[in-house]
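What follows is a structure written as structure tokens; I'll ask about it next.
The values are calculated or read from the model by the stated rules, or taken from the named source; none is laboratory data. This is a predicted model, so every value here is computed, not measured. Cβ placement follows ideal geometry from the backbone for every residue including glycine, while neighbour counts extend to all protein chains displayed.
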Amino acid sequence: MNESIVSPLLDMPSLYVVATPLGNLRDFSPRARDTLAAVDVIAAEDTRHSQRLLNAFDIHARRLLALHRHNEQQAAGQIIECLAQGQHVALITDAGTPAISDPGARLVARVREAGYTVSPVPGACAAVAALSVAGIAEGGFRFIGFLPAKTQSRRSALMTLINERDAMVFYEAPHRVEACVADMTEIFGEVREIFIARELSKLHEETAAMPLARAGAWFAADANRARGEFVLIVRGADAPDGVDANALRVLGLLLDELPLKTAVCLAAEITGAPRKGLYAHALEQRR
Ligand code: SAM
């Protein structure tokens, strides 16, 4: 059994990566509370924001240290010094799991490189919470996080995902969510399914699944729907059968002259397309 299940701290100086609630404070685990109360240093993305959580749980931090995306390398150095002095350090961000579209990954890599243990104290994560109620990622998922903010770069990023087979999980800011969904509709097509998860675990939590064609109208139906925090999950592309336009053209020419099976075999030889897919197209064409 992992020691930390019974006692909040490990025997050796360690970094604890602690998840905090997305909204509902009751999602904060007793173990997360005990860990933050026991460590020597808490590194927080925004110390003022995190102080509210600490106050709510009556946690008196011995030392609070700021670690955000602009000072992560320098703060990592300070944290490694603390560990070298035998101290325990916890990392938290404003909400959810650190290092998931949040600072933390570089710190974790540096601490591990320096030879110290990094231990997770798991809890809320917006992507996982949304996936758990989406019902469209049975085949797996790909976490994308935030797309680029500028329209052209966002569209280019979406273009690279057009053939992605797994469901794709995006984070998006409220002031960009409608434009982002409009771009997704244009690039992924109107029939692809989207799952919208808004304000998870908060007062105005809302979730909805629909074809991308209907997403614009869903937002337009209520101005409040573009407010808050969003996870967007888009179903992956249908499995391509590997038969491209050139293979279909060759198959068509051969079918005009030859029996079906021979045409399929030859088309597969010539184009490299899979026989099974070609066979299905050949039956379709003969019909
Ligand atoms: N590390 C966090 C996690 O574990 O999910 C994510 C941090 S990232 C800076 C913030 C983004 O997460 C938001 O812009 C939104 O896309 C998503 N998010 C955070 N809280 C959410 C909530 N309650 N409901 C829906 N999405 C949320």
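Against the condition within 26 Å of LEU10 (Cβ to Cβ) and either surrounded by fewer than 18 Cβ atoms within 10 Å (Cβ to Cβ) or more than 16 Å from the ligand (Cβ to nearest atom) (or both), how does ALA124 come out, does it pass?
Here the answer is no, as ALA124 does not meet what is asked.
Exactly one condition in (1) surrounded by fewer than 19 Cβ atoms within 10 Å (Cβ to Cβ); (2) under 16 Å from PRO13 (Cα atoms); (3) of a type in the set (A, V, I, L, M, F, W, C) is false for ALA90; which is it?
It is condition (1) that ALA90 fails.
Let me ask something else. Looking only at region 224-241, count every residue that is outside any helix (DSSP H, G or I) and exposed (fewer than 14 other Cβ atoms within 10 Å of the Cβ) and tell me the total.
Of the residues in region 224-241, 3 are outside any helix (DSSP H, G or I) and exposed (fewer than 14 other Cβ atoms within 10 Å of the Cβ).
Report the residue count in region 4-36 for those that are over 22 Å from ASP94 (Cβ atoms) and of a type in the set (A, V, I, L, M, F, W, C).
Here the count works out to 5.
Ok, one more. When region 239-272 is examined, which residues are found to be closer than 30 Å to THR185 by Cβ and either free of Cβ contacts under 8 Å to residues at least 60 places away in the same chain or over 37 Å from the mean Cα position of the chain (by Cα) (or both)?
Once the filter is applied, which keeps residues that are closer than 30 Å to THR185 by Cβ and either free of Cβ contacts under 8 Å to residues at least 60 places away in the same chain or over 37 Å from the mean Cα position of the chain (by Cα) (or both), region 239-272 yields ASP241, GLY242, VAL243, ASP244, ALA245, ASN246, ALA247, LEU248.
Hey, another quick one. May I ask you to verify whether THR35 is in contact with a Gly (Cβ under 8 Å, 6 or more places away or on another chain), among the β-branched types (Val, Ile, Thr) and in contact (Cβ under 8 Å) with a residue 24 or more places away in the chain?
In short, no.
Another question, then. (1) of a type in the set (Asp, Glu); (2) within 14 Å of the ligand (Cβ to nearest atom); (3) in contact (Cβ under 8 Å) with a residue 24 or more places away in the chain: which one isn't true of ASP183, the others all being true?
(2)
If we keep just the residues of region 211-256 that are acidic (Asp, Glu) and under 20 Å from MET168 (Cα atoms), which is farthest from the ligand (Cβ to nearest atom)?
It comes out as ASP238.
Listed residues VAL39, VAL18; which is at pLDDT 95 or above, surrounded by 13 or more Cβ atoms within 10 Å (Cβ to Cβ) and touching a helix residue (DSSP H, G or I) at 6+ places or on another chain (Cβ under 6 Å)?
Going through VAL39, VAL18 in turn, just one is at pLDDT 95 or above, surrounded by 13 or more Cβ atoms within 10 Å (Cβ to Cβ) and touching a helix residue (DSSP H, G or I) at 6+ places or on another chain (Cβ under 6 Å): VAL18.
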